[in-house]
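I have placed the structure first, in the form of structure tokens, so that the comments after it can refer back to it.
Read the figures in this text as sums done on the coordinates, not as results from a lab. Everything quoted here is computed from the prediction, not taken from an experiment. Here Cβ is always computed from backbone atoms with ideal geometry, including for glycine, and neighbour counts include all displayed protein chains.
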Amino acid sequence: MADYEFLTVENIPDYIRSTPTLAEVIDPDDLVLCDEIGDGNLNLVFLAKDTSGRGLCLKQSLPYVRMTGEGWPMTPDRARHEAETLAAHGALVPDLVPAMYHYNPERYIIAMEDLSDHRVWRGALNEGLSHTGAAEAVGRYVGAVAFGTSPLGMEREALAEAIARSVNPQLCEITEDLVFTEPLVDAGRNSCLPANEPDAREFSEDAAMMRAMGHAKWLFMTKAEALLHGDLHTGSVMVRAEGEPDADGVVACDSIKCFDSEFAYYGPLAFDIGAPWANYVAAAARAVALGEDERARWCLSLVSATWNAFEAEFRRRWPQRRDPRVWTDATLEDLLLTWRSEAWLFAAAKMSRRIVGAAKNKDVETLPENLREGAARGILRLSRQLVRQAGVDSSPDAFERLAHDVLLENRTR
Ligand code: SR1
Ligand code: MG
């Protein structure tokens, strides 16, 4: 039994009324809307609006995983991790994260900016829309976090305290299990189409993949470089367009927000690069399956777009590093090269887990079965190629070319 009260549509007006910071944001006695809008795997999310158009988003952590119910207990303290990460990341890139109004540590509630004029990027991608500027914003976000939350940008004592507060073992264990281990070693949660069973078997019997995932998991559990978002897929990015899409679905973003950072912890920086890359591949696999080859190319071009923006932001901040005595420009080049190649491993892990493991993504899952078969096979085969090629040429261009070729080769009709 939880020892705190869950939010409901009925008790939200009272909650706002009794929280002075929130009663300034929205009028609890004049609400025109109060709905549960969450579609994630873990939490409750509500949106409230008053008659003057002001809005508020309330997110509450449950003491279990919403996706499965009470049978999978999960610390609600993940809300604190998200709140503290929102504050830390917001101090670096305020335009790229939601504004937070309040955190309630007794009920694990985060009150934040109403983003109902934005939409989840994954949904837009799945509809065939091309929001320009989003991939670059994700790269700039990761670049700012890489510098600003690492030893490069933080004073020693503050860094030690931030690392200690960020220890997030239960959420990290979800990733360790679902992303690195279980796709290869089924713990009873894996599934795929019957037509993909031979692909899943080949995948799990691939010694090179096992070795690479062993290394990736090791990095994930030991390499505390920066305060990661920790789950930076296209469902963790909201986009807002400034106009209507053109005939090809292209529309420019005027606002991008990276949200839902409850998996945050001090981890390997490249994990936050490999994650969006893997999701661009999922979007590309969908486009390939639907016969939209030009769109697939565009989806894959987001890999370079994110990397280039990341690298530019990191280089821009580099002159401000705290200890230029030993962190010379050679260190800068070494870091970038290491991250680029590690990102291939993390991308491989993040794309394949959505095919064979628990918690799949809609990009592939909503395809008709005959098309899904090839998309799933292409992603599994691509991830096996990625771990083999990561040490050969780790450029984003090489990643895009390989992904393009493998996805097309495996298309089914
Ligand atoms: C039990 S949580 C399953 C997945 O949902 C989250 O978005 C993470 O990606 C996690 O792995
Ligand atoms: Mg999430």
**OP:** Give, as a single signed number, the net charge of other residues whose beta carbon lies under 15 Å from the beta carbon of D77, with Lys and Arg counted +1 and Asp and Glu -1.
**Re:** -1
Subject >> For the stretch 342-413, with +1 on Lys and Arg beta carbons and -1 on Asp and Glu, the positive-most of L345, L408, N370 along the dipole >> reply: N370
**OP:** List every residue whose amide H lies under 5 Å from the amide H of T132, counting only residues 5 or more places away in sequence or on a different chain, with H placed 1.01 Å from N in the peptide plane.
**Re:** V251, A252, C253
Subject >> Estimated [θ] at 222 nm from DSSP helical runs (n ≥ 4, -39500 (n - 2.57)) normalised by residues in the chain, nearest 500 >> reply: -15500 deg cm²/dmol
Original post:
For the chain, taking Cα atoms only, what is the radius of gyration to one decimal and the Dmax to the nearest whole Å?
Top reply: 21.0, 62
**OP:** Under a cut-off of 23 Å between alpha-carbon atoms, report the lysines in cross-link reach of K223, not counting same-chain residues fewer than 8 places apart.
**Re:** K350
**OP:** Would you mind putting 134-143, 169-178, 33-42 in packing order, based on average other-beta-carbon counts within 10 Å, highest first?
**Re:** 134-143, 169-178, 33-42
Subject >> Distance between modelled label sites at E24 and R297, nm, 7 Å Cα→Cβ extension >> reply: 5.3
Original post:
What area, in nm² and to one decimal, does the C-alpha convex hull of the stretch 160-310 cast on average over all directions?
Top reply: 11.3
Subject >> the stretch 174-260 - Kirkwood radius from inverse mean 1/r over Cα pairs (Å) >> reply: 16.4
Original post:
Can you give the relative contact order of the stretch 271-356 as a percent, counting alpha carbon pairs under 8 Å and 6+ residues apart?
Top reply: 51
Original post:
Highest mean first, what order results for 382-389, 66-73 on Cβ atoms within 10 Å?
Top reply: 382-389, 66-73
Original post:
What percent does the relative contact order of the stretch 1-61 come to when contacts are Cα pairs within less than 8 Å and at least six residues apart?
Top reply: 27
Subject >> Fluctuation leader among C258, C299, C192 - the chain, Gaussian network, Cα springs under 10 angstrom >> reply: C192
Original post:
Once you put a point 7 Å from the Cα of E202 and another 7 Å from the Cα of D186, both along the Cβ direction, what distance in nm separates them?
Top reply: 1.7
**OP:** With an 8 Å cut-off on Cα pairs and a minimum separation of 6 or more residues, tell me the relative contact order of the chain in percent.
**Re:** 17
Subject >> FRET efficiency for D14 and S116, using Cβ-Cβ distance with R0 set to 25 Å, rounded to 0.05 >> reply: 0.70
Original post:
How far apart, in nm, are the 7 Å Cα→Cβ label points at A99 and L290?
Top reply: 3.5
Subject >> If the convex hull is drawn through the Cα atoms of the stretch 75-197, its volume per residue in Å³ >> reply: 182
Original post:
How many times 2.2 N^0.38 Å is the alpha carbon radius of gyration of the stretch 255-412?
Top reply: 1.11
Original post:
Order of 147-154, 79-86 by packing, highest average Cβ count within 10 Å first?
Top reply: 79-86, 147-154
**OP:** If a/c stays under 1.5 just call it rounded; otherwise compare a/b with b/c (prolate if a/b is bigger, oblate if not). Do that for the stretch 59-146, with a ≥ b ≥ c from the square roots of the Cα gyration tensor eigenvalues.
**Re:** oblate
Original post:
Using 0.36 nm per residue, how much length does the chain from V250 to S52 gain when fully extended, once their Cα-Cα distance is taken away?
Top reply: 68.1 nm
**OP:** List, in the order given, every pair from K59/K217; K59/K362; K217/K360; K49/K362 whose Cα-Cα distance in the structure shown is over 26 Å.
**Re:** K59/K217; K49/K362
